[in-house]
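Have a look at the structure below before the remarks.
The values are calculated or read from the model by the stated rules, or taken from the named source; none is laboratory data. All values derive from a computational prediction rather than experimental measurement. For neighbour counting, all protein chains shown are included, and Cβ atoms are generated from backbone atoms with ideal geometry for every residue, glycine included.
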Amino acid sequence: MISFSNVQKQYGKQVIYVGASFQLNPGEKAGLVGPNGAGKTTLFRMIMGEETPDDGEISVPRKVTIGYFRQDVGEMSGRPVIDEAIAGSGRVGDLHHELTSLQNAMEDPARAGEMDRILDRFGEVQEEYEHLGGYTLEAQAREVLAGLGFHDEQIDGDVGALSGGWKMRVALARVLLGRPDVLLMDEPTNHLDIESIVWLEQFLKQYAGSLLMTSHDREFMNRIVSKILEIDEGEVNTYSGDYDFYERERSIRETNQQAAFARQQAMLAKEQRFIERFKTHAAKAAQVQSRIKALDKIEKIELPKKRQIVKFDFRVPPRSGDLVAVCEDLHKAYGSRVIYNGFNFTIRRGERWAVMGRNGAGKSTLLKMIAGTTQPDRGAVQLGASLNMGYFAQQALDILEADLTVIEQLQKDFPKDSIGSLRTLAGAFQFSSEEADKKIRSLSGGEKSRLAIARMLYHPPNFLVLDEPTNHLDLATKEMLVEALKDFEGTMIFVSHDRMFLQGLASRVLEIGGESGEDRSPRQYLGSYREYVAAMGHEAPGIHS
């Protein structure tokens with residue numbers, strides 16, 4: 001289907017690919033992995049023909065259709081969400097929009113003189129549209145958009161009124177509706193909640209074409225792909241299995257390569273000692289020359305390329321009182337929409353609450369009321385004794401100072417700490433010494449999230465309130481964060497759509513906002529997230545097995 005053969009690519013002095021080769025076969029579903037800057041987006045762009053290799057060959061059959069979901073969605077405005085989604089459906093999408101245009105023309109009194117021509121063209125377009133299954137397209141579009149979390153009023157509303165995250169969902173729907181032969185997907189779960197992620201998993205499992213995707217969601221990757229393509233210092237290594245298999249196999253390969261390297265180094269040292277010892281002995285001259293020539297021909301084994309993962313060790317936070325937060329008779333509404341109606345809830349020391357609920361159920365609102373950034377309409381949140389709260393939300397990124405570098409921001413925050421310990425902190429959150437000297441204004445959203453979390457956790461509070469802390473974090477940082485928080489001795493309440501985060505940390509689950517018509521009273525589950533899923537039969541409210 002698609003193949004790379006000995007591809008070379010570099011930008012200036014930065015080498016991206018050196019002899020990269022791989023193949024994506026029909027119907028195959030593969031994950032593309034590698035550190036930031038390894039060249040994942042460049043690979044997608046070369047498949048799309050938006051960039052060309054410096055050397056080597058990229059083969060894409062001429063009649064193969066490719067759909068590419070990328071993180072920059074472009075401009076969207078001026079038409080309903082459903083029309084924007086249908087726009088990616090090739091010929092059928094074009095005909096859909098021409099029909100809409102012709103219908104508008106038929107209703108325009110100023111074009112009465114053209115009516116015969118407009119009616120003739122309308123008949124032609126309608127016939128072709130029906131032949132290509134166009135009248136089922138709108139139903140499919142509504143189904144896909146609903147799966148991605150849209151309500152009916154949003155689907156028929158102006159796409160220009162949506163936030164950036166919701167426009168990303170429209171762009172995703174557009175690519176899925178196109179039903180291409182090959183799907184290229186760059187971080188498709190970034191702006192999705194758990195319900196939409198699970199829906200997308202099912203869609204992609206049933207998708208008959210080939211798939212190549214990047215994702216920072218380990219669970220999502222494991223459930224879909226059967227092959228991993230790893231970009232490693234310019235080469236592409238292939239692993240036949242899911243992400244967990246790749247990690248195990250990579251570890252085995254590294255161990256074997258390390259052992260082979262040690263054996264070869266011992267052999268080379270032995271041969272070198274012989275050469276040094278007898279190079280001046282005439283009787284051994286032929287043997288010495290023979291061994292020198294043999295050494296020159298040996299292909300040298302290199303040490304495996306080590307991924308630099310710096311462990312972050314929590315300092316022990318001060319102990320809080322046994323009662324951390326008590327919500328008493330909370331009422332909260334936005335206009336006619338009631339979010340909380342007499343809600344009572346208690347958080348005790350050492351508990352780790354995961355807050356679950358559909359979009360709009362009030363998850364972030366609850367965290368804001370506990371953090372004190374939003375006030376309830378009635379009722380109160382009482383915080384316990386000796387409490388030091390750390391609150392993370394996407395708004396936390398706004399307090400970073402754009403003109404400072406990463407390390408300068410940390411020095412300003414922690415002036416009494418050594419530069420060495422601050423660089424270790426930066427390294428734990430995947431900022432190399434070079435990246436720690438980057439200006440904050442040039443950081444991506446994920447990099448800013450990493451920095452904000454690092455600042456919050458360096459002198460850890462004893463109560464963490466976290467609203468989607470893993471958004472945009474890469475797998476290495478996410479896994480480091482989960483491991484660090486497992487050892488956290490304080491109390492937590494958090495919202496997350498990442499199942500690795502939920503499985504690793506939640507000891508309690510608060511489920512809020514039932515389906516319409518159901519009892520909307522929050523439900524407390526006094527067990528881990530894994531136990532909650534086993535007991536409830538769903539991974540989040542709104543998903544029913």
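Which members of the range 445-495 meet the condition of being in a loop (DSSP other than H, G, I, E, B), buried (at least 22 other Cβ atoms within 10 Å of the Cβ) and either more than 17 Å from the chain's Cα centre (by Cα) or not assigned by TED's automatic domain parsing to the domain that holds S421 (or both)? Before the answer, list the steps.
Step one: filter the range 445-495 for residues in a loop (DSSP other than H, G, I, E, B), giving 459-462, 468-474, 487-490.
Among the residues that remain, those that are also buried (at least 22 other Cβ atoms within 10 Å of the Cβ) are: 462, 469-470, 473, 490.
Answer for the range 445-495, where residues must be in a loop (DSSP other than H, G, I, E, B), buried (at least 22 other Cβ atoms within 10 Å of the Cβ) and either more than 17 Å from the chain's Cα centre (by Cα) or not assigned by TED's automatic domain parsing to the domain that holds S421 (or both): N462, G490.
Output yes when any residue across the range 214-236 is among the aromatic types (F, W, Y) and modelled with pLDDT of 90 or more, and no when none is. Break it down stepwise before answering.
The first filter runs over the range 214-236 and keeps only residues among the aromatic types (F, W, Y), leaving 220.
Next cut, modelled with pLDDT of 90 or more only: 220.
For the range 214-236, residues among the aromatic types (F, W, Y) and modelled with pLDDT of 90 or more: present.
For the range 401-410, give me each residue that is part of a helix (DSSP H, G or I) and hydrophobic (A, V, I, L, M, F, W, C). It would help to see each step written out before you state the result.
Going residue by residue through the range 401-410, those that are part of a helix (DSSP H, G or I) are 406-410.
Selection gives V406, I407, L410.
Listed here are the residues, each with its yes/no results for (1) surrounded by 14 or more Cβ atoms within 10 Å (Cβ to Cβ); (2) among the small types (G, A, S); (3) assigned by TED's automatic domain parsing to the domain that holds H216; (4) touching a Cys at 6+ places or on another chain (Cβ under 6 Å).
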{"site": "R248", "(1), (2), (3), (4)": "no, no, no, no"}
{"site": "S251", "(1), (2), (3), (4)": "no, yes, no, no"}
{"site": "Q264", "(1), (2), (3), (4)": "yes, no, no, no"}
{"site": "A269", "(1), (2), (3), (4)": "no, yes, no, no"}
{"site": "Q272", "(1), (2), (3), (4)": "no, no, no, no"}
{"site": "R277", "(1), (2), (3), (4)": "no, no, no, no"}
{"site": "T280", "(1), (2), (3), (4)": "no, no, no, no"}
{"site": "A286", "(1), (2), (3), (4)": "no, yes, no, no"}
{"site": "Q289", "(1), (2), (3), (4)": "no, no, no, no"}
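Failed condition for Y334, given (1) surrounded by 12 or more Cβ atoms within 10 Å (Cβ to Cβ); (2) at pLDDT below 95; (3) not assigned by TED's automatic domain parsing to the domain that holds Q272, with all others met?
With (1) surrounded by 12 or more Cβ atoms within 10 Å (Cβ to Cβ); (2) at pLDDT below 95; (3) not assigned by TED's automatic domain parsing to the domain that holds Q272 applied to Y334, the lone miss is (1).
Within the bounds of the range 88-96, is there any residue that is charged (D, E, K, R) and assigned by TED's automatic domain parsing to the domain that holds L211?
No - not one qualifying residue is present in the range 88-96.
Take the conditions over 29 Å from G149 (Cα atoms), touching a strand residue (DSSP E or B) at 6+ places or on another chain (Cβ under 8 Å), among the hydroxyl-bearing types (S, T, Y) and not in a loop (DSSP other than H, G, I, E, B) and apply them to T346. Does it pass?
Values: over 29 Å from G149 (Cα atoms): yes; touching a strand residue (DSSP E or B) at 6+ places or on another chain (Cβ under 8 Å): yes; among the hydroxyl-bearing types (S, T, Y): yes; not in a loop (DSSP other than H, G, I, E, B): yes.
Yes: the conditions hold for T346.
Hey, could you check the range 411-444 for residues that are surrounded by 13 or more Cβ atoms within 10 Å (Cβ to Cβ) and of a type in the set (K, R) and say which is nearest to Q394 (Cα to Cα)?
Looking at the filtered set, the residue picked out is K439.
Return the pairs, sorted by first residue and then second, in which the second residue is among the small types (G, A, S), the first residue lies in the range 149-160 and is touching a residue at least 12 places away in the same chain (Cβ under 8 Å), the beta carbons are less than 7 Å apart, and the residues are 6+ apart or on different chains.
Within 7 Å, the pairs are G149/S196; V159/S77; G160/S77; G160/G78.
With respect to Y340, determine if the residue is modelled with pLDDT under 95, out of contact with any strand residue (DSSP E or B) (no Cβ under 9 Å at 6 or more places or on another chain) and either among the charged types (D, E, K, R) or more than 15 Å from L466 (Cβ to Cβ) (or both). Break it down into steps so the answer makes sense when it comes.
Numbers: modelled with pLDDT under 95: yes; out of contact with any strand residue (DSSP E or B) (no Cβ under 9 Å at 6 or more places or on another chain): no; either among the charged types (D, E, K, R) or more than 15 Å from L466 (Cβ to Cβ) (or both): yes.
No, not satisfied.
Do the conditions hold for G335, that is, is it in contact with a strand residue (DSSP E or B) (Cβ under 9 Å, 6 or more places away or on another chain) and farther than 30 Å from L268 by Cβ?
Working: in contact with a strand residue (DSSP E or B) (Cβ under 9 Å, 6 or more places away or on another chain): no; farther than 30 Å from L268 by Cβ: yes.
No, not satisfied.
Please work out if V159 is closer than 19 Å to R70 by Cα, of a type outside the set (S, T, N, Q) and modelled with pLDDT of 90 or more. I'd like the intermediate steps shown before the answer.
Working: closer than 19 Å to R70 by Cα: yes; of a type outside the set (S, T, N, Q): yes; modelled with pLDDT of 90 or more: yes.
So V159 passes the test.
Name every residue in the range 496-508 that is assigned to a loop (DSSP other than H, G, I, E, B) and either buried (at least 23 other Cβ atoms within 10 Å of the Cβ) or within 18 Å of the chain's Cα centre (by Cα) (or both), in order of residue number. Walk me through how you get there before you give the answer.
Looking only at the range 496-508, we keep the residues that are assigned to a loop (DSSP other than H, G, I, E, B), and these are 496-498, 506-507.
Listed by number, the residues that qualify are S496, H497, D498, A506.
Counting residues that are closer than 23 Å to G39 by Cβ and out of contact with any Leu (no Cβ under 7 Å at 6 or more places or on another chain), which helices (runs of 4 or more DSSP H) fully inside the range 218-319 reach at least 3?
Numbers: elements: 218-224, 243-278, 285-297.
So the answer is 243-278.
Would you be able to tell me the number of residues in the range 200-210 that are crowded, with 20+ Cβ neighbours inside 10 Å and out of contact with any Ser or Thr (no Cβ under 9 Å at 6 or more places or on another chain)? Walk me through it before giving the result.
The initial filter retains those residues of the range 200-210 that are crowded, with 20+ Cβ neighbours inside 10 Å, namely 200, 204, 210.
Checking the rest, the ones that are also out of contact with any Ser or Thr (no Cβ under 9 Å at 6 or more places or on another chain) come to 204, 210.
Total satisfying the criteria: 2.
Just give me the residues in the range 371-391 being of a type outside the set (S, T, Y) and within 25 Å of F488 (Cβ to Cβ), in sequence order.
Residues of the range 371-391 of a type outside the set (S, T, Y): 371-372, 375-385, 387-390.
Answer for the range 371-391, where residues must be of a type outside the set (S, T, Y) and within 25 Å of F488 (Cβ to Cβ): A371, G372, V381, Q382, L383, G384, A385, L387, N388, M389, G390.
Being assigned to a strand (DSSP E or B) and either more than 26 Å from the chain's Cα centre (by Cα) or over 23 Å from K478 (Cα atoms) (or both), is that true of even one residue in the range 411-424?
Kept after step one, since they are assigned to a strand (DSSP E or B), are these residues of the range 411-424: none.
No, the range 411-424 has no match at all.
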